[in-house]
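Notes follow the structure.
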Amino acid sequence: MGAKQENGDPEDILPPPEQELSHELDMKVKKYLRGEGADLEVLKDKKLKGQLYDRENLYGKSAKAAAKTEKWLLPSEGGYLEAEGIEKTWRIKQETIGREVDISSAKNQYDIVLPDFGPYTLDFTSSGRYMAAAGRKGHLAVVDMKNMSLIKEMQVRETVRDVVFLHNELFFAAAQKKYPYIYNRDGVELHCLKEHGAVTRLQFLKNHFLLASINKFGQLRYQDVTMGEMISNFRTGLGRTDVMQANPFNGVVALGHSGGTVSMWKPTSAVPLVKMLCHPGPITAMAFHPDGHLMATSGKEKKIKIWDVRKFEVLQTIRGHAKTLDFSQKGLLAAGTGSFVQVFGDFSGSRNYSRHMGHSIVKGYQIGKVAFRPYEDVLGIGHSMGWSSILIPGSGEPNFDTWLANPFETTKQRREKEIHSLLDKLPPETIMLDPSKIGTVKSAKKKEKPTKKEMEADMEAAVEAAKGTAVKKKTQGRDRTCQEVDEHNQQRTSYPRIFGLFPLLRSTNSSAVYFCTRKAFRCPSGHLEEINKC
């Protein structure tokens with residue numbers, strides 16, 4: 001038995017062991033093809049038919065090359081959760097999933113109970129290897145998630161509101177009671193950022209090496225962590241907020257305010273780029289899709305909205321409340337409130353999210369933060385009594401790119417990557433709503449103001465053009481205003497200038513008033529012929 005190759009040559013026959021590989025390759029080729037090929041037999045133009053035929057062949061070759069590349073560079077397949085019959089995926093519990101997965105994946109299901117230091121907030125590195133946990137009552141910890149080992153923990157003995165990793169796992173920033181602090185992995189305090197004030201939320205833009213913060217007075221600050229320079233300091237004017245998220249696609253920072261508005265900022269503009277009304281009440285949570293085109297917001301009116309950031313319009317409204325939101329690498333949306341976590345998925349590709357999974361923690365625990373772990377099907381949950389980890393099949397990217405994020409990088413690789421990232425650092429001016437405009441040709445400006453020479457030349461041309469035209473004889477109008485002017489002028493010319501007198505422009509009490517160089521005379525009769533009697 002055998003199978004013919006795709007080129008249809010009868011001489012080339014595939015041996016039986018390679019039939020399955022050929023079928024798998026065909027399936028991957030269909031995934032990269034741009035739909036079905038066009039019917040070129042109906043075309044009569046031979047030149048156009050030949051051009052389209054060559055283009056179709058090029059599409060086929062590129063799809064086959066992409067399928068072969070995926071076979072060798074993307075060996076791992078993403079997980080998924082599939083129900084049987086009328087069973088629903090959101091009814092499957094974590095205990096059932098834990099019994100079906102391998103041992104290494106089952107280790108990602110755990111609960112850390114620390115009732116004296118919560119509630120906790122979490123943050124992962126871009127590779128998903130390390131996690132930073134911060135308790136509200138001053139507990140800071142850095143954990144190696146691969147080995148499940150504690151690298152460092154410390155007690156700062158004051159309130160900690162947020163924690164975020166910087167460009168790698170060696171440094172992290174913590175928003176404490178009065179100021180944000182920067183620590184290294186060994187727990188040594190490196191910097192105290194007093195200019196930021198009492199910060200409520202932190203975000204780090206890794207491509208620009210900018211640490212963005214919003215304090216309790218509504219001031220947004222950007223600081224360059226490479227040079228220590230304060231890039232910008234803006235007063236939002238919309239009050240205090242604790243909802244802050246950075247768009248991973250363009251670096252724009254979005255803030256959710258108590259009036260239901262979401263404002264988007266960049267470090268080179270003192271006014272928001274976009275200010276959109278998303279909810280009738282305060283914004284409680286916000287998250288961006290990894291591709292940067294979708295934004296999820298939650299409001300006090302118990303509704304979760306999915307927005308298209310490119311057109312700034314709502315795509316879907318989901319009933320339910322969320323205190324925290326987060327998107328996974330594969331586009332799953334996690335929403336946490338109270339002691340319950342819901343996961344929504346878009347499996348049709350139409351940007352229509354539906355309920356996918358659910359998980360309840362111990363009753364009474366209050367969830368404060370949910371965060372998907374990169375390159376793993378794991379969801380981290382920070383709550384009032386510690387933090388937990390659950391399995392969400394299909395949430396993480398199964399194949400990592402070592403040039404972007406390598407969970408197994410060595411010390412030498414980390415140093416080289418840090419140097420390359422510093423060399424490739426983007427300036428703050430590159431942060432904009434549409435970064436695809438960078439590198440394009442600048443659009444033509446409006447017509448500039450003409451110079452003095454051009455104005456004189458235009459005037460001379462207009463004079464030359466007007467010389468040959470006949471001037472129309474203008475006649476005085478016959479309206480009431482013109483008649484009043486004529487009568488007034490006649491009265492002024494009929495008054496005799498006697499003894500240096502001249503009339504005033506108005507009359508008072510029907511008596512003509514005259515002025516001389518020395519005295520003014522008033523004639524009670526008001527007649528010109530009686531001037532001498534006065």
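The values are calculated or read from the model by the stated rules, or taken from the named source; none is laboratory data. Values in this document were obtained by computation on a predicted structure and should not be read as measured data. Note: ideal-geometry Cβ built from the backbone for every residue, glycine included; neighbour counts use all protein chains shown. Quick note on the areas: whole protein, heavy atoms, side chains included, nothing else; ligands and nucleic acids left out. Shrake-Rupley method; radii C 1.70, N 1.55, O 1.52, S 1.80 Å.
Residues in the stretch 179-196 include none that are part of a loop (DSSP other than H, G, I, E, B), open to solvent by less than 60 Å² (accessible area, probe 1.4 Å) and among the β-branched types (Val, Ile, Thr). Scanning the stretch 386-400 finds no residues that are open to solvent by 50 Å² or more (accessible area, probe 1.4 Å) and touching a helix residue (DSSP H, G or I) at 6+ places or on another chain (Cβ under 8 Å). Any residue in the stretch 417-440 that is free of Cβ contacts under 8 Å to residues at least 12 places away in the same chain and open to solvent by less than 70 Å² (accessible area, probe 1.4 Å)? No, that holds for no residue. Out of the residues in the stretch 219-278 that are of a type in the set (S, T, N, Q), open to solvent by 40 Å² or more (accessible area, probe 1.4 Å) and under 16 Å from the mean Cα position of the chain (by Cα), state the one that is nearest to THR200 (Cα to Cα). Checking each candidate, the answer is GLN245.
Give the residue that is nearest to GLN155 (Cα to Cα), with candidates limited to residues of the stretch 94-124 that are open to solvent by 60 Å² or more (accessible area, probe 1.4 Å) and part of a helix (DSSP H, G or I). In this case the residue turns out to be SER104.
The residue that is least open to solvent (accessible area, probe 1.4 Å), among those in the stretch 330-350 that are assigned to a loop (DSSP other than H, G, I, E, B) and more than 17 Å from SER389 (Cα to Cα), is GLY331. With respect to the stated conditions, PRO75 fails to be within 34 Å of the chain's Cα centre (by Cα) and crowded, with 16+ Cβ neighbours inside 10 Å. Criterion applied to VAL163, VAL142 was being within 23 Å of the chain's Cα centre (by Cα) and at pLDDT 95 or above, and the one residue passing it is VAL163.
Taking the stretch 137-166 as the range and being part of a strand (DSSP E or B), open to solvent by less than 20 Å² (accessible area, probe 1.4 Å) and not aliphatic (A, V, I, L, M) as the test, the residues that pass are HIS139, ASP144, ASP162, PHE165. Cβ-Cβ contacts under 6 Å between residues 6 or more apart (or on different chains), taken from a first residue in the stretch 127-140 that is on the phi > 0 side of the Ramachandran plot to a second residue that is buried (at least 20 other Cβ atoms within 10 Å of the Cβ) and part of a loop (DSSP other than H, G, I, E, B), are listed as GLY128/PRO374; GLY128/TYR375; GLY128/GLU376. Find the residue count for the stretch 167-178, including only residues that are closer than 27 Å to SER421 by Cβ and surrounded by fewer than 19 Cβ atoms within 10 Å (Cβ to Cβ). Of the residues in that region, 2 qualify.
Selection over the stretch 293-329 of residues that are in a loop (DSSP other than H, G, I, E, B), under 18 Å from ALA371 (Cβ atoms) and open to solvent by less than 40 Å² (accessible area, probe 1.4 Å) gives a count of 2.
Scanning the stretch 360-376 for residues that are in contact with a strand residue (DSSP E or B) (Cβ under 7 Å, 6 or more places away or on another chain), part of a loop (DSSP other than H, G, I, E, B) and within 16 Å of GLY394 (Cβ to Cβ) returns a single hit, PRO374.
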